[in-house]
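*Asks:* Structure provided below as structure tokens; questions to follow.
Laboratory data are not the source of any read-out in this text; all were calculated from the coordinates shown. Please read these numbers as outputs of a predicted model, since none were measured by experiment. No Cβ is skipped: glycine too gets one built from the backbone with ideal geometry, and neighbour counts run over all protein chains shown.
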């Protein structure tokens, strides 16, 4: 009897999940929507918490600068010991 209950439950779970297929969901960026360097980002603020990020923070800031103009960046030092 327990086998029939388990089989029925498995059947219903399959019926519910197969159309939804959460295991096959992938996010994809469209290649045609690449913003140019003149994108106005004056309404965007980036908050970067950093602790002992001395070796990589320069790359991060350069990458953010390439995103567009007007972007505000706030770098928060979280008691770093490297600088």
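*Asks:* Mind ranking 42-51, 6-15 by how tightly packed they are, going by the mean number of other C-beta atoms within 10 angstrom, highest first?
*Replies:* Going by the mean number of other Cβ atoms within 10 Å, highest first, we get 42-51, 6-15.
*Asks:* Work out how far the C-alpha atoms of the stretch 38-83 reach from end to end along every principal axis, then list the three figures in whole Å, largest first.
*Replies:* Computed over the stretch 38-83, the largest-to-smallest principal extents equal 36, 17, 9 Å.
*Asks:* Pop the C-beta distance of residue 28 and residue 82 into the FRET formula with R0 = 35 Å and round what comes out to the nearest 0.05.
*Replies:* 0.40
*Asks:* Another question about this same structure. Given the Cα-Cα distance of residue 10 and residue 50 and 0.36 nm per residue of separation, how much length would full extension add, in nm?
*Replies:* Residue separation times 0.36 nm, minus the Cα-Cα distance, leaves 9.7 nm.
*Asks:* Determine the relative contact order of the stretch 38-83: mean sequence separation of Cα pairs under 8 Å and six or more apart, normalised by residue count, in whole percent.
*Replies:* Reported as a whole number, the value is 59 percent.
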